[in-house]
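In what follows, a structure is listed as structure tokens, so that the remarks can point back to it.
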Amino acid sequence: MKLCAACCRNRYKKLVKRGITLSAKTYRENKTAYFFILPAMLFIIGIIIFPLLYSVYISFFDFNIFTKHPPFIGLKNYMDIFKSDYFWQSMGRTTYFTVISVGLELVLGFLVALLLNQEFKGRSFARTLLILPWALPTVVNGVLWTWIYDPNYGALNALLKSLGIISQYKNWLGTAFNAMNAVIVADVWKNTSFIAMVLLAAMQNIPKDYYEAAIIDGASRLKNVFYITLPLLRPAILVAVVIRTMEAFKVFDIIYIMTKGGPANGTQVISYYTYINSFQYSKYGYGAALSYIVSLVILIFALVYIKILYKKS
Amino acid sequence: MKRKPLDEFFLYFFAILFALIILAPFYWLVVSAFSSKAELLSVPVHWFPEKIYLGNITKIFQGGLNISGGEVPPFGTAVKNSIIVAGVTTLICITVGSLAAYAFGRMNFFLSNQLFIAIIALRMLPEIVTVVPLYIIMKKLCLNNTLLGLILVYTSFTLPFVIWMMESYFEAIPVELEDAASIDGLSRLGIFFKIIMPLSLPGLITTAIFTLLTAWDEFLFALIMTSTYQAKTLTVAISEFTTRHMIDYGLMMTGGLLSALPPLLVALALQKYIVSGLTSGAIKG
């Protein structure tokens, strides 16, 4: 999700400081403040807090929208999940997707940022290009790559054949292993931009004198990258990677569009597994329990993220 | 620093490679949207269409039969739905969220810190955790298949984000301004509308863009909450081109291009705001 990116690390610093920064106003403004936050709190309670609690309730039942009184089954949904091979396989695929796509995005994003940080003709045009894949809706990215991968008329097959790389058209989404990697390529094409934009902005903050001083001391360009750029970029890299990891772990849209979890469940990631259990098999209780487990994993990343932000300030 | 000719060569080589990799899929999206069926399904591929074909655009809006003989879903309705849902969601979130963000940023009240931390925690939750309960709740309230239902659901994940973003913009405004205004007799609400809102316009724009794009691109909730064309959004309409027996790629690319144009144009026009919003969290400090 795009929102995530724009997070602000100053938050925690401010929270800590709040007592001090607002101490000019030692009196409390409960009434005015509650008037200001009331509309937002009504929304939050109604459409977030209540559904969250309701979801816990659902997860203890053999819940089905058609039955009037679903039987209470305690933790059975959770037990069933942990005993299910499909669940563990989906977790494995999600981990594979996350590690490979975020890893590639980081390496490529760093290289792109390095490139766009150099001075050359057309640099501002190149930087503008960077925002295009980011702004392309994920669903459109999915249909576009499905068409590019088409086994009979696809552009990729045509391109690779005319370059002599393949002798026969391939069905890129035809086998489990190929399909997963093909989806990863589509994801990397779109999401490398985010990491590149964050790292490029961080690179622009590094004073030029650092590099000049190092060069006078006889350092090579490559050494500059390893001993100046990378260490100073560490916080930005961490933040970008954690944000992307949280997003990649809940990947759904592109899987639904490109493969629907197939072939042979080869791309059935955990969000898709939750989706089919909840909305195709109508096992709402099981789905609710599943979504809690997914959230727990993502919250672990979120904690890491918050910790990085907190540490920096 | 002068570069060696070899370095110069590699620099431009990679710059051109980068541009090609970014642009090639976009080129194909546009070309496919303006190619006739015969040209799309020709082997070898027509990299440059012989004729610019506008049939897909008229067909997608007029409806009719697609390749497999099924009906083309009413695309115009989906466009309208997406505009309404994204627009109203953004409007609600910006209004309601800014008010709350101002209180969190500036006022000292009972449980203020605890509530704010709770909102940050909610913002981190993946959307999937509320998919099942919201679906059941909306169904019970008969709000599934309605735009209102979608707007409420979208607000559930954009509102905490807006509060979070706006709080930081409000905090950056010097408190002295407000003190002066309050001495002049302005109420809190007056200060908020006459001083704070105009001063935080860049922040408002950035936040509104991100909210708009998120709502415009949203797929999972739209897929689950809508089953009739009256409420389907663009993303769902596009996904349906692939569920037919045979895929009409020309129509699909046309639909994709049309729904990608608004976010792409917004991103190009307001690039400065987006980059600052994206990177504010990661680099300042």
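The values are calculated or read from the model by the stated rules, or taken from the named source; none is laboratory data. This structure is a prediction, so every number in the text was calculated from the model and none was measured. Cβ coordinates were reconstructed from backbone atoms using ideal geometry, including for glycine residues, and neighbour counts include every protein chain displayed.
State whether one or more residues within the range A:137-154 are assigned to a helix (DSSP H, G or I), polar (S, T, N, Q) and modelled with pLDDT of 95 or more. Spell out how you get there, then give the answer.
The first filter runs over the range A:137-154 and keeps only residues assigned to a helix (DSSP H, G or I), leaving A:138-148.
Now narrow it down to the ones that are polar (S, T, N, Q): A:138, A:141, A:146.
So of that shortlist, the ones also modelled with pLDDT of 95 or more come out as A:138, A:141.
Yes, that holds for at least one residue.
May I ask you to list the residues in the range B:1-28 that are of a type in the set (D, E, K, R) and surrounded by fewer than 14 Cβ atoms within 10 Å (Cβ to Cβ)?
So the first thing to find is which residues in the range B:1-28 are of a type in the set (D, E, K, R), and the list is B:2-4, B:7-8.
Of everything in the range B:1-28, those that are of a type in the set (D, E, K, R) and surrounded by fewer than 14 Cβ atoms within 10 Å (Cβ to Cβ) turn out to be B:2, B:4, B:7, B:8.
Kindly list, by first and then second residue, each pair from a residue in the range B:143-172 that is facing chain A (nearest Cβ under 10 Å) to a residue that is surrounded by fewer than 23 Cβ atoms within 10 Å (Cβ to Cβ) and of a type in the set (Asp, Glu), limited to pairs with Cβ atoms under 7 Å and residues at least 6 apart or on different chains.
From the range B:143-172, the pairs are B:157/B:127.
Identify the residue in the range A:96-125 that is polar (S, T, N, Q), touching a residue at least 40 places away in the same chain (Cβ under 8 Å) and assigned to a helix (DSSP H, G or I) and, among all such residues, is farthest from residue A:265 (Cα to Cα).
Residues of the range A:96-125 polar (S, T, N, Q): A:98, A:101, A:117-118, A:124.
After this cut, where a residue has to be touching a residue at least 40 places away in the same chain (Cβ under 8 Å) as well, the list is A:98, A:101, A:117.
If we keep only those that are assigned to a helix (DSSP H, G or I) too, we end up with A:98, A:101.
Details: A:98: 17, A:101: 19 Å.
Filtering the range A:96-125 for residues that are polar (S, T, N, Q), touching a residue at least 40 places away in the same chain (Cβ under 8 Å) and assigned to a helix (DSSP H, G or I), the one farthest from residue A:265 (Cα to Cα) comes out as A:101.
Output the number of the condition that residue B:176 fails; it satisfies all remaining conditions of (1) in a loop (DSSP other than H, G, I, E, B); (2) free of Cβ contacts under 8 Å to residues at least 60 places away in the same chain.
Residue B:176 satisfies all of (1) in a loop (DSSP other than H, G, I, E, B); (2) free of Cβ contacts under 8 Å to residues at least 60 places away in the same chain except (1).
Could you grab me the full set of residues in the range B:181-229 that are part of a loop (DSSP other than H, G, I, E, B) and of a type in the set (Gly, Ala, Ser)?
Start the filter on the range B:181-229 by keeping residues that are part of a loop (DSSP other than H, G, I, E, B), which leaves B:184-187, B:200, B:218-219, B:226-229.
Within the range B:181-229, B:185, B:187, B:200, B:227 meet the criteria.
Assess whether residue A:291 counts as being at the interface with chain B (Cβ under 10 Å from one of its Cβ atoms), assigned to a helix (DSSP H, G or I) and over 21 Å from the mean Cα position of the chain (by Cα).
Details: at the interface with chain B (Cβ under 10 Å from one of its Cβ atoms): yes; assigned to a helix (DSSP H, G or I): yes; over 21 Å from the mean Cα position of the chain (by Cα): no.
Considered against the rule, which asks whether it is at the interface with chain B (Cβ under 10 Å from one of its Cβ atoms), assigned to a helix (DSSP H, G or I) and over 21 Å from the mean Cα position of the chain (by Cα), residue A:291 comes out as no.
Counting only residues that are among the polar types (S, T, N, Q) and out of contact with any helix residue (DSSP H, G or I) (no Cβ under 7 Å at 6 or more places or on another chain), how many does the range A:47-103 have? So that I can check it myself, show each step before the final result.
The initial filter retains those residues of the range A:47-103 that are among the polar types (S, T, N, Q), namely A:55, A:59, A:64, A:67, A:77, A:84, A:89-90, A:94-95, A:98, A:101.
Next cut, out of contact with any helix residue (DSSP H, G or I) (no Cβ under 7 Å at 6 or more places or on another chain) only: A:67, A:84, A:89, A:95.
Qualifying residue count, the range A:47-103: 4.
Pairs, please: C-beta under 7 Å, at least 6 apart or cross-chain, first residue within 12 Å of another protein chain (Cβ to nearest Cβ) and in the range A:202-222, second modelled with pLDDT under 85?
So the pair list comes out as A:202/B:282; A:202/B:283; A:205/B:283.
Could you grab me the full set of residues in the range A:254-288 that are polar (S, T, N, Q) and facing chain B (nearest Cβ under 9 Å)?
Step one: filter the range A:254-288 for residues polar (S, T, N, Q), giving A:259, A:265, A:267-268, A:271, A:274, A:277-278, A:280, A:282.
Hits for the range A:254-288 are A:271, A:274, A:278.
So if I check each of A:94, A:128, which one is of a type in the set (Val, Ile, Thr), within 14 Å of another protein chain (Cβ to nearest Cβ), at negative phi and surrounded by fewer than 19 Cβ atoms within 10 Å (Cβ to Cβ)? Quick ask: steps written out before the conclusion?
Working: A:94 fails: surrounded by fewer than 19 Cβ atoms within 10 Å (Cβ to Cβ).
Exactly one residue qualifies, and that residue is A:128.
If the requirement is being part of a loop (DSSP other than H, G, I, E, B), without any contact (Cβ under 8 Å) to a residue 24 or more places away in the chain and of a type in the set (Ser, Thr, Tyr), which of these qualifies: A:67, A:128?
Working: A:128 fails: part of a loop (DSSP other than H, G, I, E, B).
Going through A:67, A:128 in turn, just one is part of a loop (DSSP other than H, G, I, E, B), without any contact (Cβ under 8 Å) to a residue 24 or more places away in the chain and of a type in the set (Ser, Thr, Tyr): A:67.
Rundown of residues vs (1) at pLDDT 90 or above; (2) of a type in the set (Asp, Glu); (3) not in a helix (DSSP H, G or I), yes/no style:
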position: A:242; (1), (2), (3): no, no, no
position: A:247; (1), (2), (3): yes, yes, no
position: A:251; (1), (2), (3): yes, no, yes
position: A:272; (1), (2), (3): yes, no, no
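I need a count of the residues in the range A:148-174 that are among the hydrophobic types (A, V, I, L, M, F, W, C) and over 18 Å from residue A:184 (Cα atoms).
So in the range A:148-174, the residues among the hydrophobic types (A, V, I, L, M, F, W, C) come out as A:148, A:155-156, A:158-160, A:163, A:165-166, A:172-173.
When the remaining residues are screened for being over 18 Å from residue A:184 (Cα atoms), the result is A:158-160, A:163, A:165-166.
Summing the residues that are among the hydrophobic types (A, V, I, L, M, F, W, C) and over 18 Å from residue A:184 (Cα atoms) in the range A:148-174 gives 6.
Do we have residue A:226 as surrounded by fewer than 20 Cβ atoms within 10 Å (Cβ to Cβ), of a type in the set (Phe, Trp, Tyr) and within 8 Å of another protein chain (Cβ to nearest Cβ) here? It would help to see each step written out before you state the result.
Details: surrounded by fewer than 20 Cβ atoms within 10 Å (Cβ to Cβ): yes; of a type in the set (Phe, Trp, Tyr): yes; within 8 Å of another protein chain (Cβ to nearest Cβ): no.
So residue A:226 does not fit the description; no.
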